[in-house]
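Written below as structure tokens is the structure these notes are about.
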Amino acid sequence: MSTEPLHDDAYAAAADWHTRLDEDDSAQAYAEFDAWVAADPRNKAAFEAVERSWGALASARVDARVLKLRREALSATHRVRFFRFAAAAAVVGVAVAIAYLVNPLFKDDPAARPASIMGTTTEGGAFRTAVGERSNITLSDGSSVVLNTNSRVEIRFTPEQRNVRLLAGQAWFQVAKNPNRPFVVEAGNRRVTALGTAFDVRLDSRDSVQVTLAEGKVSVEPILSPLARLISTPPMPELLVAGEALISSDDAPAEKRKADVAKVLSWRQGQVVFDNDTLEAAIAEINRYSATRIELADPALGQLRVSGVFKAGYSESFVETVTGHYPLRIASRDDTRILLRGAQ
């Protein structure tokens, strides 16, 4: 068997052919395909690799979301040209990333720390999770809070109001309805007020806040100092309805947008979902769940695109996937760091 590397664009062309033959079974299409295969033995190898990747999905129960990712990745073949091989990496990578959940060839990381689910009923207090842990807190009013990895909250109930302060990380709130006792969450520079609803709040290291509403309604307003309230008129609160998100930070205006709620909430099932995200963003998200950090030797590689579903906290498996199907290799590794660089 030849060990010669595949042509830079072979995967991209193979993905194009995979889609075309799905939609066009004419004699002319197959004649042109046969001519393409015969032109270079590496073309056949590339097509077989794409077929194997999608074959893993064919035997699994694949929902409409995964099929949508597949089609979008394939249709993006001609749009991704950061490197000559970027299109191939994006196309094959999406298949492998999704197949990772169903293909036994991709093994779990034995060093990964499983999520910890713990329950308690409380009227207040301080709670935190370590990296890779998840915690479920049941409140005395019937509401619940689920903390994601490396998160901290402070909870304080009064007869007039139910107060939560998210100090770090991410939390999901399922709020018991009580019109006479608002449920208020503060994170960064934003205050979220709800009566009975379900929403997610994420506070990043740079004090960027994202509020995503799954059901009901919430109002989101900036937290202003007493002096700021005296010298300027407070802005009107933003009202969110189900399926919307508000993203804000100290150095940019608040932005309300339609949310991919399933993607935002995938962490509650121990998953991380990418949908045409940059490799840089994907690595940053994977790193949230593991003490072993993945880094890129060349920041330019971070512009490669990734789509698919991965298990949270399994850095080794993520690395195995991207180095197996992207132009990347492991430059060095130890217990706390895996450095990736471009393949030679």
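Computed from the coordinates by the stated procedures, all read-outs in this text should not be read as laboratory data. These numbers come from a predicted model, not from an experiment. When we count neighbours, we look across all protein chains shown, and the Cβ atoms used for this are built from the backbone with ideal geometry, even at glycine.
If R0 is 45 Å, the Cβ-Cβ spacing of A252 and R333 corresponds to a FRET efficiency of close to 0.80. A Förster radius of 25 Å, combined with the Cβ-Cβ distance separating T278 from A38, puts the computed FRET efficiency at roughly 0.10.
For K217 and L167, the FRET efficiency from 1/(1 + (r/R0)^6), where r spans their Cβ atoms and R0 equals 41 Å, is about 0.95. A protection proxy built from the mean count of other Cβ atoms within 10 Å ranks the segments 145-156, 204-215, most packed first, as 145-156, 204-215. Each of the peptides 178-184, 287-293 was scored by the mean count of other Cβ atoms within 10 Å over its residues; in descending order, highest first, they stand as 287-293, 178-184. Mean projected area of the Cα convex hull of the range 141-262, taken over all directions, amounts to 7.8 nm².
Relative protection proxy for 126-138, 272-284, from highest mean packing down: 272-284, 126-138 (other beta-carbon atoms within 10 angstrom).
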